[in-house]
Every structure is written in C-alpha cells, then in structure tokens.
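The values are calculated or read from the model by the stated rules, or taken from the named source; none is laboratory data. Predicted, not measured: the structure shown is a model, and the values here were computed from it. Because the Cβ atoms are built from the backbone with ideal geometry, glycine has one as well, and the counts that use them run over all protein chains shown. In case anyone asks, the SASA skips ligands and DNA or RNA and just uses the protein heavy atoms, side chains included. Shrake-Rupley method; radii C 1.70, N 1.55, O 1.52, S 1.80 Å.
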Number of protein chains: 2
Amino acid sequence: MENFNYYTPTKVVFGRGTEEQVGELVREQECKKVLVHYGSGSVKRSGLLDRIYGSLDAAGIEYISLGGVVPNPRLSLVYEGIRICKEEGVDFILAVGGGSVIDSAKAIGYGVANEGDVWDFYEKKRQAKACLPIGVVLTISAAGSEMSDSSVITNEDGWLKRGYSSDLGRARFAVMDPELTMTLPKYQTASGCTDIMMHTMERYFNQVENMELTDGISEHLIRTVMKNARILMDHPDDYNARAEVMWAGSLSHNGLTGCGTDGGDWASHQLEHELGGMFDVAHGAGLAAVWGSWARYVVDARPERFAQFAVNVMGVEKGTDEMETALRGIEAMEDFYRSVEMPVNIRELGVDPTDEQLHELAEKCSHFRKRTIGCVKKLDVDDMYRIYKNALG
Amino acid sequence: MENFNYYTPTKVVFGRGTEEQVGELVREQECKKVLVHYGSGSVKRSGLLDRIYGSLDAAGIEYISLGGVVPNPRLSLVYEGIRICKEEGVDFILAVGGGSVIDSAKAIGYGVANEGDVWDFYEKKRQAKACLPIGVVLTISAAGSEMSDSSVITNEDGWLKRGYSSDLGRARFAVMDPELTMTLPKYQTASGCTDIMMHTMERYFNQVENMELTDGISEHLIRTVMKNARILMDHPDDYNARAEVMWAGSLSHNGLTGCGTDGGDWASHQLEHELGGMFDVAHGAGLAAVWGSWARYVVDARPERFAQFAVNVMGVEKGTDEMETALRGIEAMEDFYRSVEMPVNIRELGVDPTDEQLHELAEKCSHFRKRTIGCVKKLDVDDMYRIYKNALG
C-alpha cells in the first residue's frame, strides 16, 4: 500500500432545491464581486440562471456574467474571463454548468491570481501560487471537477488539450441538485456516466499492491453507476438514479478512489484528450471508444487485476484461466457501453481519422515524443499509435 | 434519498513516516505558538513526542505542551488547557494521540475562541462561533475524531459525558501513520475496530429510503474492518491491516457513510456514553456490550434493514423469513465481537451495575426525561432502562 494525501475541502450541498442556497454560500466566502460563468443558453432557457441571480440579489452580492463556454473549453474564452475579472475587480467565480464550465472557471481563477500566461500551467512550465476562490452549481454529472483538483483546457492554437491539477483550484463549495440534470439528452447522460466510471477505473488499474478499502469502494461505485446509467436510458427523470450518478461523479474524482494506490494509469484519458482536441467529441464517449483497445493492449501486464475487475465489477464468473476471465471482463464492459449506446471504437464516435491523423494523435499525445503515458504498461508514441489504430473499428 | 451536506476539509497525510512532516504542516497554518496536547506517557516512551518536537523545531515553530488526557477526557483538563492557551498566546493546537486527546483539543479550541463556559456547548445551551485551528497526529484508530466534527467530553461534576458537533472543530490536517498503532494492546485494537464499525452502523440503521452508493460503501467498510480486526488479533504488526483499519476509522465518521440518510440512529452511542461516564469503560467495548440488546429491542421496527445488514455485511444466507434473517445477522455480529474478545453484554465489560444504577443510567441518558434517542425506534427513559437491563448478561 502506498502513502497518500487526501484533501477535499469542497463543501457539498446536495439535493433538491439546494441551488436556492447559492447566495448564502457565496456570502459566507466574504467576497466583493462575483463572475457568474456558464456555457450555452440551456441554463438561461431553463430559468436556472435567473434563480441564481435572484439568490445572489437576495444575499446582496454584486455580480457580472460571462457565458459561452463550450465542451472542451477554449483558452480564448479563459483569456477573456481573466481580462474581465481584472477590469471589474472580481474576487470570486461561480461556475454554473458541468466540467467544461468549472474547468474554464478554474483556469480564469489561476490566470487572475498569478502573473504571466495561464497556459504555462497547462504546459507544466511552472506552478500556480494561488487561485481565485471558485464555487459551483453543477448541472452535468460527469467530469467530477466540482470536487477535483483538475482542470482541462483546449488551446485553439494547435488544438492542444492539456490538464492542470492543483489543490488551489478545488472549489470552495459545490451545489448539487440532481433535478438539474434531468433534462440532459440520453447521449450526454451516458457519456457522463462513462466519464465517472473511467475516473475510478483509471485509478483502479495500477501497478501496486492495493488497498482493500479503496478497491471495494471503487468496485461498488462503478457497479452503482452502471446500474443507474441503464435506468436513466429509459427513465431520465428518475431522481434517485440521477442522485446516485451525481454523487458517484464527485467521489470518483475527488481522490477517494485513489487512496493507497500509485495514482493509477490514466492512459485512456490521455489518448482521449487528443481525440477531443482534434475532433471535439464528447469526452466520455471518446473514453468508451478507446478503452477496449487500451485494455487489450495492456492486459498481459496485469491479468490478475483485470480478472479481479471482471469478477467484482462486471459479474463475470471466475474461470480457471486468469487471462480468459480478464478478457471476458473487457468484453463485458464493452457490452455495457453498447447497452447505453456508447461507442466502443473511434468510427462509432462519428469520426474517421486517416492513418496520418492517427500518427498525429500519437505525436501530440506523446507531447512530441517527450513523454510516455500509463503505468499498467508504459506506452510510447508507437504504442499510442497502435492503440489508436486498434480502436479504429 | 435525503438532501445532505458533506464537508471534510481535513488534509490527510497518510502512511509510513508521515509524522516527519508535522512541522511543515503546522508552518503552513501560519500560526505563532502551538499547544502540543497528548495523553499518557506512551507517546513519550515511544519517542514519538521527541520526533514531533524535532519536526516542530526544524520548522522553527514555537510550542508548549500539555499531557495527561485520559480516556473519556475530562472537563477539568480542558479548563486547564484553555487557561494555558490564553496565558501563553497559543493559536494552534496539535493533538498527538487518539480520540480522547483530539476531543480534548477541540474542547480547548472552543474554549479559547469563545467567551463564557465551554461546557455550555456540550450542554447544547449555545453554539460556538469559532475554534482555534487543530492539527492531529493520530496514534489510535477508533474515534474518527481526526476527520469528524464531533468531540465528547466528560464532566466530573456528575460524571456526565456529552458530545458537541460543529464543522468549526474539524481538524486542519491529520497525520496518519499506521505504524504508530502497532503497539496498541489487543483489547484496545478490538475496541477501536468496534467503534469504527459502529460509526458506520449508527448511520446505516435509519428510517429512510437509502442511497445505494452510501450503503455499499458502508457495507464494504464494515466487512473490511471485521476482516482486518481478526488479522490484527494474531498479527498486531501487520502494516496493511493497520492501514485498512486506520483509513476506515476516518471514512467511517467523516460524514461519508451518512450521505443521503437521515443521519442515523445513534442510540447505542448514547447508551454507551452514560456507561462510559459512570464506569469509565473503553468506548468501543461498551458499544459492543449494548449493541445486541439495542438491536433486538428495535429490530421489529425495520426488519428489512436488519436483514439487508445480515446478508450484505455478515454473510448470512438470505432466508425466506425476513425477521429470522435479521436475527441471525445480529447473532453473527455478536459472534464477531466474541472472536475479537469483545464483550457482548455489560457484565462481560467487567462492571456489574445494580438495578438502581441501571435506572440512573437511563435517567442520565434521557437527560432526565427531557429527550428520546434513536430513530429506528424512538426510545424513552423506560426503553433505555429495558435495553440496559437486557444487556446486563
């Protein structure tokens, strides 16, 4: 078992109608001026934004707004947010949306609180020393960014998608009302569930002797998300299923599922980041599309772990042959993805990269041959290319 | 599923040798003078206290010490701590020990940071408005106080044991090195494991439709503690077993196992608090002594929940009769207690209260007929007496 740090300072306010508390929660932060950051018009059309403005007004909080965050959030809007915050003296950012909006808010927070170009942090050139405080009203269960330390931004100059992680960026509070997620389309719901499962699976597949307590929590979390994802395909307004998925999303990525591990593999995420950067696909769907190819490529490095996954998570009967059990677990996961209409290869994602583009993805993913990814098996640029190629479908 | 808040700001630093980091962790808190608070001589004899002083010295932190905390920590020492902190200008308390030391530190923290008598908070006469910041070096896995919001103090004037819970008292950091717990005697280890399991079971037995994610985490946590408690009976220096139990102790009581519930029952804890106040027994052992009697007294109010517990936690085969399954689960839990040499009734605790004393316990536990306890079944003073009586053995 590895030593670990665990730090989740975010105050979670979970349940029906909790968005009414947002004004009070912001007031507790003793800030002067809030930037309300959001994405598309859906939070306007649903009336959520007006309810939040009402709550801020009632609490006597001054605010300005910046919408327009898109999936795979863009650096250009982050720069605009930084400029606005500096001009307007903003000292708190309220993200109303899903992972893209929260990640964009974190990036703005780093940009305002530190000198120089915020992209430096995402390029790992230097570390942030501070971040404006962030609050969240969550409308999409997926990224786990509401409790996590991470933020992923896409730089349109080269379409590079890069992540930056720091405890400084953890939200002060997260308002989580499962009812706000009921209007999400089926595809986005399933994509979110995949992302949640993958945040746990990335940590679960590692190269260390594991912590039993963490393992069991992770296995139960993945099973719970699968079960409720299936329910949501036919019953998108099932409150309990929405709530199970929403809370699983936070626990999956706040650090809990990594306690006692080496941090986990994360190769699938890195592979998907480049797909998302180049083709702008839904993150969770992209993960589903590459996972099977990744799993089959690395399974021989830790068949016993994949076999445990097969039995404890996927309900595969334990066979006499470990590798056979392991491979049946991978198939079972792909069957689950199909059952919630997720792709299991890149072409099913709706994109058809050329061989040249696959090489370009691998080059970018290896940071132009400057890094390997993964820990179950360390993957270099050639491995990455082969996994993309095998994932083509 | 109920709405819930979840707030666990404590920075956990977990694993071998982490106590070396304590000086740095205190320095991050930007305080001027630390009170190092501890219990018996064991932290002196083991050399732990000297290592901590060394770490504080290396970080340039000024400190004074106050030892002498006993199990069921006393209000008189709390008063002494408050006086010392005020005289010496202490602005941070470092608790080196288990739940008693941490709870005593929290009480001192409330006493220094608020006007008036600190006992008022424990008597629920008023709410604390602040608390000195607390840090923890944990040496006993049991109370979960290192991440919880609660503190339990015994007032020698009447031997009243009372708890106070507030987010203000949550520790800023908790250093958790499982190796520090290896020298604990068998009885204290088993008592600690019982306390940990009970923190989850108190929340698990409730009166609401439950959150599946929380249920599975709770069930796995209890199973993990039982398994590792058995290992520790024969192998007290098994690092992984100590680590599983230690982390379970924090997760059990930091709020995680209550998410989506009504908060849980807590009658067994209230019943034990009075036993501990009157007879000064080990808290976990006291819980084991009353739990079976409590469970049989209330099982008819929620047999389906006890049956789920029997099957998912205790591994009882699901029978056709729900109540029979439920009762077999209770028996199985008592068998577990016996297997780790815990008492299953009050006389096995080593005390033999008179009938008059049982009435006195019930009177005190009902706050002299001013409250009921429990939610599976609401218990009044007569119910309390009967549960104590049935638990006599």
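If you put a point 7 Å past Cα along the Cβ direction, how far is that point for residue A:369 from the same point in each other copy, in nm, smallest first?
From this label point to the equivalent ones elsewhere in the assembly: 8.8 nm.
If amide hydrogens are placed 1.01 Å from N in the peptide plane, which non-local residues have theirs closer than 5 Å to the one on residue B:37?
Excluding prolines and chain starts, which carry no amide H, the hits are B:66, B:94, B:95, B:96.
Distances from residue A:68 to the same residue in each other copy, label points 7 Å out along Cα→Cβ, in nm, shortest first?
Its label point is 6.7 nm from the equivalent points in the other copies.
Could you tell me which GluC sites (Glu not before Pro) in segment A:166-257 are loop residues by DSSP with no more than 15 other beta carbons within 10 angstrom of their beta carbon?
On the way: sites: A:179, A:202, A:209, A:212, A:219, A:244; in loops: A:209.
Those that pass, being in a loop and sparsely packed, are A:209.
Can you tell me the relative contact order of chain B? Whole percent, Cα pairs under 8 Å, sequence separation 6 or more. Don't skip to the answer; put the middle values down first.
Numbers: 803 pairs, mean separation 60.6, N = 393.
Relative contact order of chain B: 15 percent.
What part of the accessible area of segment A:14-148, given as a whole %, is carbon or sulfur when the probe is 1.4 angstrom?
Carbon-and-sulfur percentage of accessible area, whole number: 48.
Averaged across the residues of A:233-244, what count of C-beta atoms belonging to other chains lies within 10 Å of each residue's C-beta?
Across A:233-244, the average partner-chain Cβ count within 10 Å equals 2.
Provide the convex hull volume over Cα atoms per residue for segment B:298-393, in Å³.
99 Å³
If one takes the accessible area of chain B alone plus chain A alone and subtracts that of the pair, with a 1.4 Å probe, what total in Å², rounded to the nearest 100, results?
Using a 1.4 Å probe, the pair buries roughly 3400 Å².
Over segment A:244-393, what is the mean sequence separation of C-alpha contacts under 8 Å (at least six apart), divided by residue count, expressed as relative contact order in percent?
28 percent.
Please compute P(r) over all alpha-carbon pairs of segment A:56-154, binned at 10 Å starting from zero, and give each bin as a whole-number percent.
For segment A:56-154, the pair-distance distribution reads 16, 52, 29, 3, 0.
What are the extents of the Cα atoms of segment B:217-283 along their three principal axes, listed from largest to smallest and rounded to whole Å?
Rounded to whole Å, the extents work out to 35, 34, 15 Å.
Which Rg and Dmax, in Å, describe the Cα atoms of the protein assembly as shown?
26.7, 87
Using a 10 Å cut-off on Cβ to Cβ distances, tally the other chain neighbours for every residue of A:204-217 and report the average as a whole number.
Mean inter-chain Cβ contacts per residue within 10 Å come to 4.
Among A:167, A:238, A:321, whose mean-square fluctuation peaks in a Gaussian network model of chain A (Cα, cutoff 10 Å)?
It is A:321.
Say a label goes 7 Å from Cα toward Cβ at residue A:235 in every copy; what distances in nm does this one have to the rest, shortest first?
So the label point of residue A:235 gives 4.4 nm to the other copies.
Bin width 5 Å, alpha-carbon pairs only: give the P(r) of segment B:1-52 as whole percents, running from 0 to the bin holding the largest distance.
4, 13, 18, 21, 17, 10, 6, 6, 4, 2
Give me a single rounded figure for B:172-185: the average over its residues of other chain Cβ atoms within 10 Å of their Cβ.
For this peptide, the per-residue mean of nearby foreign Cβ atoms is 1.
Angle between the Cα long axis of helix B:48-58 and the longest principal axis of chain B, 0 to 90 degrees, nearest 10?
40 degrees
Give the chain B residue with the shortest beta-carbon distance to the rotation axis relating chain B to chain A, plus that distance as a whole number of Å.
Spelled out, residue of B and its Cβ distance from the axis onto A: B:9, 2.
Could you run the Debye sum over the Cα atoms of chain A, one equal point scatterer each and no solvent, and tell me log10 of I(q)/I(0) at q = 0.10, 0.13, 0.15 Å⁻¹, two decimals?
For chain A, the Cα-only Debye profile gives -0.62, -1.06, -1.40.
Would you look at the GNM of chain A, springs on alpha carbons closer than 10 Å, and say which of A:101, A:26, A:351 moves the most?
Ranking A:101, A:26, A:351 by mean-square fluctuation puts A:351 first.
How much of the accessible area of segment B:240-393, probe 1.4 Å, is carbon plus sulfur, in whole percent?
That fraction is 45 percent.
Find the accessible area per residue for segment B:77-124; the probe is 1.4 Å, ligands and nucleic acids are left out, and the unit is Å².
I get 31 Å² per residue for segment B:77-124.
Using only Cα atoms, tell me the angle between helix A:239-253 and the longest principal axis of chain A; keep it within 0 to 90° and round to the nearest 10.
The helix A:239-253 is inclined about 80 degrees to chain A.
So what is the accessible area of segment A:208-354 per residue, in Å², with the probe set to 1.4 Å?
Each residue of segment A:208-354 exposes 32 Å² on average to a 1.4 Å probe.
What is the Cα centroid distance between segment B:1-46 and segment A:343-393, reported in whole angstrom?
First find each Cα centre; the distance between them is then 44 Å.
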